[in-house]
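Novice: One structure, as structure tokens, below. Some questions next.
Just so you know, all these numbers are worked out from the coordinates, no wet-lab data involved. Just so it is clear, the structure is predicted and the values come from calculations on it, not from any experiment. Every residue, glycine as well, gets a Cβ built from its backbone with ideal geometry; the counts of neighbours run over all protein chains shown.
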Amino acid sequence: MTGDAAATGYGFTDRIAAIYRKMYINPAYRLLLLLLGAPITLIVFGVYQYRKSADGSRRQAEELRASLIASGSKERLLEEAKDQLRRKHAFFGQTVSAEQLNREAERLASAKFEAHVQERLHDGALSGDYKQNLNFAETFHSLIGNPLFFALSWLLGLPMYVLMAVYASAYAKYIAERLFMTLFVILGVAFVVFTILYISPMSPAANILGETATDEQIAAFNHLYGLDQPYLVQLWNTLKGIFTFDLGRSFSGNENVTVSIANKFPVTLTLTVISTLIAVLIALPIGIISATRPNSFFDYTFMFIALLGLSIPNFWQGLIFILNFSIKWSLLPATYSPNNWLSAIMPIIVLGTGLTAAVARMTRSSTLEVIHEDYIITARAKGLARRTVLWKHAVGNALIPIITVIGLQFGAMLGGAAVTEKVFNISGIGSFIVDKQFIPDIPSIMGGVVYTAITISIINVIVDLMYAFFDPRIRSKMKQY
Amino acid sequence: MTNPASTKQEINFRLKSASEYGQASFAGIVSLGLALVFLLNSYSAAAGAFKPAVLAFSIAYFVFAGLQLAVWALIRSNLIRKGEITAATRGLGYVLLLSLLTANIFIAAVAFQLIKRKKTAAYTLAVYTLMTTLLVFAVSALNLFKPYVSDNFLIGMVLLLLSAAVQLISLLLVGKFANGTLLPAWMWPVALLLIVTSVSGNLFALFLGLLLIGKLRDKGYTAGSKLNDIVDRLSRSSTSMLGLLFILFLLTVSVTSYLTFDYGMAIDNNYSAIFQPPSLEYPLGTDNFGRDLFSRIVFGARISLVVGLLSTLIPVLIGGALGAISGYYGRQADNIIMRALDILYSIPGILLAIAIIAAFGASTTNLIIALSVGAIPTYARTMRANVMLVSTLEYVQAARAFGSGDMKILFKHIVPNSLAPMIVKSTLTIGTAVISTSSLSFLGLGVEPHIPEWGNILKLGSAYLETHSYTAIYPGLAIIGLVLSFNFLGDGLRDALDPKLD
């Protein structure tokens, strides 16, 4: 809206009114619009009510209704409905009581009658017999044309204009809706995980204090960590803690939960990101080559290896790697240490195997699908080189499902890193959660799971936005709705 | 009938249209690979010598791989020169059948296909039925080398032999008489007997029995049943049939192990036999408590299959119902259900499972629940997409015009027609469930540690990786085998059920 702001004239206010009218149709946006511009809403509502009673449109409607009833049109409709219902029941062989039939006929007839009245009013308004039927958005439109009201509305309803600015731009709207959904999902995740841990029959106090703990000791422990408070209070505190990065202290070890998560999370994230990058670099060429030579020996071999990669449990692969590379041949260290990059090789490969396999398979199938599209034949027919057709027309269009798979698999990898971390003794977020779950150390598990889920949600948002911007089909769809 | 091919395209076409050609090369290469693996394993670096038993096995595999590749070359020249495989080449299939003695199911399966000129779905099923029972019999027979066997061992073996006999006879009968659409009426008892033998868990026999009954009742009026169609398409891909073979082999072993295997071998400590290397008495060696690894893995199959199947079935039912409702009713119902499932979807499966198990303790039931909950959203999404697609079809409108109720339309007309993707998806995700089960057990969060489950066995074995690595390797191979089989089967089913990809 920046460009148009200078041209504060008739056209600009019209555009604002158009956006307002469009937003008013959608119930969720209507609510937001009315709430964010509450002072404006009040003024417009007052004017709307006044005009409605003043211009006589309400009276007109009443008169029309009365005249129609007087002419017997409603009764005719009722008889018609009854007749139809009777025929319908006779056709299906149903027996319905007279009272029920009447009720149903009444409902149908009054709906029809109302539609009829509205139609007459609308037709009348068009031909000029009746006054224009006012509605809320129309009132806003007529008011905003007034320069005084326009200036006042900017003063009072700035949040509303910000919302309208977001709505007016298709991209901004898409991003805002997506972010809103993410926020909702994050709240939901926190709620679900907290509730699961809350209804747990396990008692952290008894597990930490030992079998010999007295009831007073347990009560004191529960009081110290706020476990004796009601559900809603605990839930509120947890939600607050998640957004303010303060989840209190862990039950065992008395460490600050968010600080330990902040220490461990980067380790996991670095390993998973590196292994995702390497996996994609390996998988894309393999998938594309397999797709260009379908059903060849090469294709079968690679796809068999990919399926094998999907079927190998991470921990077993890790153990076999340790057995061969560390124990038998002493090439690589068996446990991970942050200072030694050699020790990161095996975890990265183990983490990336599943992703490589999934991406290679997806690349193959999606490239194969695209290769058989009509536009590829067109590209070939116009004499483009095989290479150009493949790289410029096929691969670009095949990338969308591949990006989806990468996003999904990355999430799974981040969540499933616990197993690999345990095998290579990495002190990442996964092994942190696993170590804490035996107690169960509620704040630590909560923090670990929720922050991982938040990271995954954010990555999913980025993936969504990425293909919204890359894929022209999605882009045009976005603009339409 | 000599009809030599002239052009390259024609040669390619002939080779591709004969399924035996591709199968032969597949079996030959796989056997060659296995032979190499055995050869590498037969050499122990420490002793500097070959282990005779493994070496003999490897040589046998090499011999059959060589034979298979020779047959492959013969098929190739037959196809190029004459346009069909000659009777003499097909006769070589009987020689290749001997590979069954070395447990080489790859070559055996291909040999059965080579022998028969005109293959029907029933014939393929009969072959796999027999092979499964024979494999189970052979594996159970390994118990003979143990100091003692379970009380019901003899009964179990006799029953297995009997069902093998029934299945062999039905294979011969099916091969001889089930070529056309019309079956002789005396096939009824054969079909019923086959279904009886499927009690052992050999579902191939059940499918075959149902297929025969379907044909008998149909009396050649229709073009063929849906089962017939699917088996026909599935049997074209040897990998998916072999995957199904391995799954049903494990299922049958799990069921028959109640009779033929001694649970004590798997759980009772025997300190006089700690860390025995693989031998005839202990085919896969023993662990740190002297328990037989072989028996433990056999009993572990039971847990893995049950957990894998249940933790797929539960989310299929719940997620399927939610997805169907949300896809059919749309609007508010759709919004509420899918938004709620979005929340579940954004928590990674393993982490959600860990959180649930942290809250309710580690046990098999909790494990199944934990894995099920995390899988609900994916199935709901799949089902919803299908239901939305099917709801717009004409027959649904017709049903509505006839005045059917919503529930009747949904569950009688829409759901049965949107099941195919769910079946494919669930087959593919049983493998994931098996991996998750063993991963969680490995972390100490899954099945109770005293139960012989593959993840538990591996966890124990991983402590002795340096000295007795086989205790960790074999259970891992079992997991890979099962997961790979499910993946192969899923891929095959996707191709068989989705006509778009045909």
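Novice: What do you get for chymotrypsin sites (Phe, Trp or Tyr not before Pro) in the range B:126-158 restricted to DSSP loop and a cutoff of at most 15 other Cβ within 10 Å of the site's Cβ?
Specialist: Qualifying residues, ordered by number: B:Tyr148.
Novice: Go ahead and run the numbers for FRET between A:Ile474 and A:Gln118, Cβ-Cβ distance against an R0 of 41 Å, rounding to 0.05. Present the calculation step by step, with values, prior to reporting the outcome.
Specialist: Values: r = 38 Å, r/R0 = 0.93.
Once the sixth-power term is evaluated, E becomes 0.60.
Novice: If you don't mind, there's one more thing I want to ask. Mean projection of the alpha-carbon convex hull of chain A over all orientations, in nm²?
Specialist: 41.2 nm²
Novice: Hey, fewest Cβ within 10 Å first, where do A:Trp341, A:Trp154 land in order?
Specialist: So the ranking, lowest neighbour count to highest, is A:Trp341, A:Trp154.
Novice: How do B:Tyr271, A:Tyr231, B:Tyr263, B:Tyr21 rank when sorted from fewest to most other Cβ atoms within 10 Å of their own Cβ?
Specialist: Ranked by crowding around the Cβ, least crowded first: B:Tyr271, A:Tyr231, B:Tyr263, B:Tyr21.
Novice: Is the range A:55-190 rounded, prolate or oblate when judged by the Cα gyration tensor, a ≥ b ≥ c being the square roots of its eigenvalues, rounded requiring a/c under 1.5 and prolate requiring a/b larger than b/c?
Specialist: Because a/c hits 1.5 or more and a/b fails to exceed b/c, the range A:55-190 counts as oblate.
Novice: Largest first and to the nearest Å, give the Cα extent of the range A:232-325 along each principal axis.
Specialist: 62, 32, 23
Novice: Related question: Grab the Cα-Cα distance for B:Phe402 and B:Tyr148, subtract it from 0.36 nm times how many residues apart they are, and report the gain in nm with one decimal.
Specialist: 84.7 nm
Novice: Could you check the spin-label model distance between B:Asn288 and B:Tyr263? Points 7 Å from the Cα along Cα→Cβ, value in nm.
Specialist: Calculated label separation equals 2.5 nm.
Novice: Let me check I've understood the local charge: for B:Leu97, count other residues with C-beta under 15 angstrom from its C-beta, Lys and Arg +1, Asp and Glu -1. What total comes out?
Specialist: +1
Novice: A further question follows. Taking the Cα centre of chain B as the origin, how large is its charge dipole in debye, to the nearest 20, when only Lys and Arg (+1) and Asp and Glu (-1) carry charge on their Cβ atoms?
Specialist: Dipole size: approximately 1620 debye.
Novice: Then there is this: Can you order the peptides B:53-60, A:169-176 by their average number of other Cβ atoms within 10 Å per residue, highest first?
Specialist: Peptide ranking by packing, descending: B:53-60, A:169-176.
Novice: Need one number: the % of Cα-Cα pairs in the range B:400-465 sitting beyond the 21 Å mark.
Specialist: Result: 53 percent of Cα pairs exceed 21 Å.
Novice: Here is a further query. Just want to confirm a number: the relative contact order over the range A:25-146, from Cα pairs under 8 angstrom separated by 6+ residues, in percent.
Specialist: Value for the range A:25-146: 34 percent.
Novice: Is any residue of the range B:322-336 close enough, with backbone N under 15 Å, to a label point placed 7 angstrom from the Cα of A:Phe191 along the Cα-Cβ axis, and if so, which?
Specialist: Taking a point 7 Å out along Cα→Cβ of A:Phe191, the residues of the range B:322-336 whose backbone N falls under 15 Å are B:335-336.
Novice: Counting Lys and Arg as +1 and Asp and Glu as -1, what is the net charge of the other residues whose Cβ lies under 14 Å from the Cβ of A:Asp246?
Specialist: +1
Novice: How high is the FRET efficiency from B:Ala73 to B:Asn417, r the C-beta distance, R0 56 Å, rounded to 0.05?
Specialist: The pair B:Ala73/B:Asn417 has a calculated efficiency of 0.75.
Novice: Suppose a student asked you for the relative contact order of chain A, using Cα pairs under 8 Å spaced at least 6 residues apart; what percent would you report?
Specialist: 16 percent
Novice: Report the gain in length on full extension from B:Lys8 to B:Trp188: 0.36 nm times residue separation, minus Cα-Cα distance, nm rounded to one decimal.
Specialist: 60.0 nm
Novice: Given axes a ≥ b ≥ c from the Cα gyration tensor, I'd like to know whether chain B is rounded (a/c under 1.5), prolate (a/b larger than b/c) or oblate.
Specialist: Working: a/c = 1.71, a/b = 1.05, b/c = 1.63.
Oblate.
Novice: Just need the relative contact order of the range A:176-280 here, percent rounded to a whole number, with Cα pairs under 8 Å and 6+ apart.
Specialist: In percent, rounded to a whole number, it is 18.
Novice: Pull up all non-local amide H partners of B:Thr286: gap of 5 or more, or a different chain, and H-to-H distance under 5 Å with H placed in the peptide plane.
Specialist: Correct list: B:Phe275, B:Gln276, B:Leu293.
Novice: Please compute the length gained on full extension between A:Lys88 and A:Glu62, using 0.36 nm multiplied by the number of residues separating them and subtracting their Cα-Cα distance.
Specialist: Numbers: separation 26, 0.36 × 26 = 9.36 nm, distance 3.37 nm.
Contour length minus the Cα-Cα distance gives 6.0 nm.
Novice: How are the alpha carbon pair distances in the range B:343-403 distributed across 10 Å bins from zero to the largest one, expressed in percent?
Specialist: The distribution over the range B:343-403 is 20, 31, 19, 16, 12, 1, given as percents.
Novice: Rounded, prolate or oblate: which fits the range B:1-149 when a ≥ b ≥ c are the square roots of the eigenvalues of the alpha-carbon gyration tensor, with rounded for a/c under 1.5 and prolate only if a/b beats b/c?
Specialist: Oblate.
Novice: Let me ask something else. For the range B:370-502, taking Cα atoms only, what is the radius of gyration to one decimal and the Dmax to the nearest whole Å?
Specialist: Rg then Dmax for the range B:370-502, in Å: 21.0, 73.
Novice: Going 7 Å from the Cα of A:Ser337 toward and past its Cβ, which residues in the range A:252-287 have a backbone nitrogen under 20 Å from where you end up?
Specialist: A:264, A:267-268, A:271
Novice: For peptide B:22-29, what's the mean number of Cβ atoms from other chains within 10 Å of each residue's Cβ? Kindly include the intermediate steps, with their values, before the conclusion.
Specialist: On the way: counts 2, 0, 0, 2, 1, 0, 0, 3.
That average works out to 1.
Novice: What do you get for Rg/Rh over the protein assembly as shown if you use C-alpha atoms and the Kirkwood form of Rh?
Specialist: 1.03
Novice: B:Val95 to A:Leu308: FRET efficiency via 1/(1 + (r/R0)^6), r the Cβ-Cβ distance, R0 30 Å, to the nearest 0.05? Walk me through the numbers before you get to the answer.
Specialist: Working: r = 31 Å, r/R0 = 1.03.
My answer for the efficiency is 0.45.
Novice: Now for a separate question. Roughly how crowded by other chains is peptide A:315-326, in terms of the mean Cβ count from those chains within 10 Å of each of its Cβ atoms?
Specialist: 5
Novice: Continuing with the same structure: Quick one: Karplus J couplings for the range A:148-162, per residue in order, coefficients 6.51, -1.76, 1.60, θ = phi - 60°, nearest Hz, x for Gly and Pro?
Specialist: Rounded to whole hertz, the list is 5, 4, 4, 5, 4, 5, 5, 5, 8, x, 4, x, 5, 5, 4.
Novice: With a point put 7 Å past each Cα toward its Cβ, work out how far A:Asn237 is from B:Leu203 in nm, to one decimal.
Specialist: Each label point is offset 7 Å from its Cα along the Cβ direction, giving 5.0 nm.
Novice: Please arrange B:Asp292, A:Asp123, B:Asp229 by counting, for each residue, the other beta carbons lying within 10 Å of its beta carbon, fewest first.
Specialist: Result, fewest neighbours first: A:Asp123, B:Asp229, B:Asp292.
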